[in-house]
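**Student:** Got a structure for you, written out below as structure tokens; questions coming shortly.
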Amino acid sequence: MAEHPAYPVGLRLSGRRVVVLGGGQVAQRRLPALIAAGADITLVSPQATPSVEAMADAGEITWVRRPYQDGDLGEAWYALIATSDPAANTAASAEAERHRVWCVRSDDADQATAWTPATGHSEGVTVAVLTTDARGRDPRHTAAIRDAVVEGLRDGTLVAPHHRTRTPGVALVGGGPGDPDLITVRGRRLLAAADVVIADRLGPRDLLAELPPHVEVIDAAKIPYGRYMAQEAINNALIEHAKQGKSVVRLKGGDPYVFGRGMEEVQALAEAGIPCTVVPGISSSISVPSAAGIPVTHRGVAHEFTVVSGHVAPDDERSLADWPSLAKLTGTLVVLMGVDKIGKIAETLVAHGKSPETPVALVQEGTTAAQRRVDATLATVAEVVRAEEVKPPAVIVIGEVVNVGPSAAP
């Protein structure tokens, strides 16, 4: 038997009797998948790990609290033998053979009639890896292959085309702060399957170079506006391409709903009857400070953080921020899109009670190879920004947390 490879097959165990002998670590690892498969599971073991016991308490398995006895595998479709008693394992294996029950043995795979593959899952696909050569089985090798395949499916580097008709629509994907490795797994997978990508300049640009040649990449900043406002033109482009039956990804920097006008795009698509999937992204408001060694909260220093848009000055009638109240907060203030307004912002905060010596850090091009950090105080930040030629995009962190991290200025 050992000279022949195992025949791979998927067992449909829903509602069918499965017997697990032994309640230790092997059972603890294997039981969740059997539960997920809907199997009717009986565990036979005098003892069990706390996690296995919790499964029994929750009613997910039936626990018979005693050692294995001949006849325990009766009416079973599948058995997992994983006790610490070699004699019991051998006896149970023999019973499985008599009753033609497919049986996995944790202590001696050569005496088993079935092997458990290294498995992983990715959006409706189960990847199962078995070593074909019984004499050279290496569970670490099969697990490594499993991990490589699953990771490739999840991050989009391993793309298998769908041969059934896809439903056209738009995915609004938050690309994260800039580093291509910080996009979500789902976002990267949708990006890899797109026909059209409409990208912001703040999205992770390196990901666009990985797209197949047939994918149409549109720079949102270069969409002809004509009589439309910029956002309206982007909305129309999304609708137009989706109505052509294409899979469209709107790739945005950070998170679509954090100063990203994502809801405006979702509303426009809904009005046009276009299905839309929203994929959250890592907001630069927390990730960029983190990349620069700044925690937005820290025990004993800041119990809150507030994120505010600085794209309009505090004295601009269009501003919706309550700057006098923000000045009274004791936590961290994170300002996005505020580089060219930081002088007026600092002046307003100081005027309403913030100490001029409050630390300020500006992190430009955060999480990318061009990242740099510039430190100042509210009193000096306007001059420092001019002298250091700090340019957008930059995240501004105001508060004592600036002096907490390992990268803080001396």
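The values are calculated or read from the model by the stated rules, or taken from the named source; none is laboratory data. In this text the structure is predicted, and so the values were computed from the model without any measurement. Virtual Cβ from ideal backbone geometry, glycine too; neighbours counted across all protein chains shown.
**Student:** With the range 16-133 as the region, which strands (runs of 3 or more DSSP E) entirely inside it contain at least 2 residues that are within 30 Å of Arg186 (Cβ to Cβ)?
**Tutor:** In the range 16-133, 118-122, 125-129 are the strands (runs of 3 or more DSSP E) which contain 2 or more residues that are within 30 Å of Arg186 (Cβ to Cβ).
**Student:** Give me a count of the residues in the range 74-104 that are in contact with a Leu (Cβ under 9 Å, 6 or more places away or on another chain), closer than 11 Å to Val18 by Cβ and surrounded by fewer than 22 Cβ atoms within 10 Å (Cβ to Cβ).
**Tutor:** 3
**Student:** Return yes when Thr297 is touching a residue at least 40 places away in the same chain (Cβ under 8 Å) and in contact with a Phe, Trp or Tyr (Cβ under 7 Å, 6 or more places away or on another chain) and no when it is not.
**Tutor:** Judged against the criteria, Thr297 is a match.
**Student:** So is Ala6 under 25 Å from His121 (Cβ atoms), in a loop (DSSP other than H, G, I, E, B), at pLDDT below 95 and of a type in the set (Gly, Ala, Ser) or not?
**Tutor:** In short, yes.
**Student:** Residues of the range 238-251 being out of contact with any strand residue (DSSP E or B) (no Cβ under 6 Å at 6 or more places or on another chain) and either of a type in the set (A, V, I, L, M) or touching a residue at least 60 places away in the same chain (Cβ under 8 Å) (or both), which ones?
**Tutor:** Once the filter is applied, which keeps residues that are out of contact with any strand residue (DSSP E or B) (no Cβ under 6 Å at 6 or more places or on another chain) and either of a type in the set (A, V, I, L, M) or touching a residue at least 60 places away in the same chain (Cβ under 8 Å) (or both), the range 238-251 yields Ile239, Lys243, Gln244, Gly245, Ser247.
**Student:** Right, here's the next one. Using the structure shown, decide if Val335 is touching a residue at least 40 places away in the same chain (Cβ under 8 Å) and either in a helix (DSSP H, G or I) or not assigned by TED's automatic domain parsing to the domain that holds Ala302 (or both).
**Tutor:** It is false that Val335 is touching a residue at least 40 places away in the same chain (Cβ under 8 Å) and either in a helix (DSSP H, G or I) or not assigned by TED's automatic domain parsing to the domain that holds Ala302 (or both).
**Student:** Might you let me know whether the range 346-363 holds any residue that is in the same structural domain as His311 (by TED's automatic domain parsing), under 26 Å from the mean Cα position of the chain (by Cα) and over 15 Å from Asn403 (Cα atoms)?
**Tutor:** no
**Student:** How many residues does the range 374-400 contain that are modelled with pLDDT of 95 or more and under 27 Å from the mean Cα position of the chain (by Cα)?
**Tutor:** 4
**Student:** Just checking, how many residues over the range 245-257 are outside any strand (DSSP E or B) and not basic (Lys, Arg)?
**Tutor:** So the count comes out to 5.
**Student:** Is it true that Ser309 is within 15 Å of Thr332 (Cα to Cα), small (Gly, Ala, Ser) and either surrounded by 16 or more Cβ atoms within 10 Å (Cβ to Cβ) or assigned by TED's automatic domain parsing to the domain that holds Lys252 (or both)?
**Tutor:** For Ser309, the condition - within 15 Å of Thr332 (Cα to Cα), small (Gly, Ala, Ser) and either surrounded by 16 or more Cβ atoms within 10 Å (Cβ to Cβ) or assigned by TED's automatic domain parsing to the domain that holds Lys252 (or both) - is not met.
**Student:** In addition: I'm told Ala160 meets every condition in (1) at pLDDT 85 or above; (2) touching a strand residue (DSSP E or B) at 6+ places or on another chain (Cβ under 9 Å) except one. Can you identify the failing condition by its number?
**Tutor:** Result: Ala160 fails condition (1) only.
**Student:** Please tell me if Asp179 is charged (D, E, K, R), closer than 27 Å to Val150 by Cβ and modelled with pLDDT of 90 or more.
**Tutor:** Yes.
**Student:** Next question. All but one of (1) assigned to a loop (DSSP other than H, G, I, E, B); (2) at pLDDT 95 or above; (3) of a type in the set (Ser, Thr, Tyr) hold for Thr368, so report the exception by its number.
**Tutor:** Among (1) assigned to a loop (DSSP other than H, G, I, E, B); (2) at pLDDT 95 or above; (3) of a type in the set (Ser, Thr, Tyr), the lone unmet condition for Thr368 is (2).
**Student:** What's the number of the condition Ala242 fails, among (1) small (Gly, Ala, Ser); (2) assigned to a loop (DSSP other than H, G, I, E, B); (3) closer than 23 Å to Gly281 by Cα?
**Tutor:** (2)
**Student:** Are any residues in the range 204-227 closer than 22 Å to Gln244 by Cβ and surrounded by 19 or more Cβ atoms within 10 Å (Cβ to Cβ), and if so, which ones?
**Tutor:** Passing the criteria: only Ala220.
**Student:** Let me ask something else about it. Among the numbered conditions (1) crowded, with 19+ Cβ neighbours inside 10 Å; (2) among the hydrophobic types (A, V, I, L, M, F, W, C); (3) within 18 Å of Leu326 (Cα to Cα), tell me where Ala379 comes up short.
**Tutor:** Of the numbered conditions (1) crowded, with 19+ Cβ neighbours inside 10 Å; (2) among the hydrophobic types (A, V, I, L, M, F, W, C); (3) within 18 Å of Leu326 (Cα to Cα), the odd one out for Ala379 is (1).
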